[in-house]
Amino acid sequence: PEVSALELIESTDITYDQIGGLGDQLREIREVVELPLVKPEIFERIGIEPPKGALLYGPPGTGKTMIAKAVANKTNATFIRVVGSELVQKYIGDGAKMVHELFEMAQKKAPSIIFIDEVDSIASRRTDDTTSADREIHRTLMQLLAEMDGFNRRSNVKIIAATNRLDILDPAILRPGRFDRMVFVPLPEADGRESIFKIHSAKMTLSDEIDFAELAKMTEGASGADIKAVVTEAGMFAVRGEKMSVEKADFIDAIHKIMESKKKEELPVP
Ligand code: ATP
């Protein structure tokens with residue numbers, strides 16, 4: 001398989017201050033991923049092994065990928081992203097080999113951060129091993145576990161994995177010594193939603209009447225990705241209306257539109 005099939009970003013431009021809410025989550029992840037990369041001597045001095053990485057879990061669109069990218073940016077690390085479902089679907093028969101190459105490349109490009117998105121696709125508790133597809137997924141997982149166990153904690157490679165489905169993960173991947181920290185990334189509370197609104201509309205021309213605290217109250221249950229969609233949509237309403245600035249009414253229309261389409265998505269499949 002082509003190594004280029006992995007998404008390799010030499011440097012990302014996401015910074016911590018572009019992430020709304022999630023103060024506690026950022027503190028935790030910085031401690032387990034940033035600190036050992038930036039100040040490995042502290043771990044030496046105190047005499048504890050530095051962490052290998054962390055597992056982020058929580059609903060879709062809450063900023064897990066952003067967090068991983070921001071840490072890579074802060075540490076000047078190469079950011080290497082793989083998507084679990086692609087490993088097993090796109091590279092049929094080659095999943096395990098891709099995992100091996102992933103770790104090899106991370107070592108070569110160190111300092112680096114390996115971001116494994118949708119890790120549940122390769123690391124779910126399997127019901128059985130009867131189909132060849134299942135066996136292939138199993139082989140890919142075994143390779144991942146072997147790579148994680150094999151690599152040196154003191155190397156400049158850290159792993160961040162993400163999942164929306166902690167409940168289906170194979171306990172093997174959660175065993176001590178694999179991910180040193182599990183960090184829950186929740187949907188934002190009103191405060192978080194307010195700062196996410198501000199972050200995404202920072203470059204927009206806004207009418208004076210906009211009250212982000214009020215908009216935050218109207219978007220209970222929205223993820224960061226939903227709020228970003230609301231802001232973009234509000235901008236489009238203002239453009240369509242050929243207005244001088246984005247008005248409160250544009251935001252309210254956008255909230256209705258995005259929150260409605262979210263509700264439809266959540267309806268059970270008939
Ligand atoms: P998934 O589980 O679906 O992969 P995720 O948790 O990795 O989602 P991201 O890809 O980080 O979510 O978020 C998608 C987009 O939503 C981001 O690029 C950003 O624009 C916006 N976003 C999500 N969360 C936040 C946040 N906390 N602050 C600011 N923007 C956010």
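The values are calculated or read from the model by the stated rules, or taken from the named source; none is laboratory data. As the structure is a prediction and not an experimental result, all values here were calculated from the model. Note: ideal-geometry Cβ built from the backbone for every residue, glycine included; neighbour counts use all protein chains shown. SASA here: full protein model, heavy atoms, side chains in, ligands and nucleic acids out. Shrake-Rupley method; radii C 1.70, N 1.55, O 1.52, S 1.80 Å.
Determine, yes or no, whether GLY47 is on the phi > 0 side of the Ramachandran plot and in contact with a strand residue (DSSP E or B) (Cβ under 8 Å, 6 or more places away or on another chain). Criteria not met by GLY47. Of the set (1) modelled with pLDDT under 95; (2) touching a strand residue (DSSP E or B) at 6+ places or on another chain (Cβ under 6 Å), all apply to HIS138 but (2). Against the definition (under 24 Å from ASN152 (Cα atoms) and either crowded, with 24+ Cβ neighbours inside 10 Å or touching a Pro at 6+ places or on another chain (Cβ under 9 Å) (or both)), how does PRO59 come out, yes or no? No: the conditions fail for PRO59.
The single residue among GLU260, GLU194, GLU214, GLU242 that is open to solvent by 30 Å² or more (accessible area, probe 1.4 Å) and assigned to a loop (DSSP other than H, G, I, E, B) turns out to be GLU242. Residues that are open to solvent by 50 Å² or more (accessible area, probe 1.4 Å) and in contact (Cβ under 8 Å) with a residue 40 or more places away in the chain were ranked within segment 200-211; the one that is farthest from the ligand (Cβ to nearest atom) is THR205. Flag: LYS248 does not match the condition of being at pLDDT 95 or above, in contact with a helix residue (DSSP H, G or I) (Cβ under 9 Å, 6 or more places away or on another chain), of a type outside the set (Val, Ile, Thr) and open to solvent by 70 Å² or more (accessible area, probe 1.4 Å). Scanning segment 143-189 for residues that are out of contact with any strand residue (DSSP E or B) (no Cβ under 8 Å at 6 or more places or on another chain), assigned to a loop (DSSP other than H, G, I, E, B) and within 16 Å of the ligand (Cβ to nearest atom) yields PRO186, LEU187, PRO188, GLU189. All of ALA229, ALA225 fail the test of being in a helix (DSSP H, G or I), closer than 14 Å to GLY61 by Cα and open to solvent by 40 Å² or more (accessible area, probe 1.4 Å), apart from ALA225.
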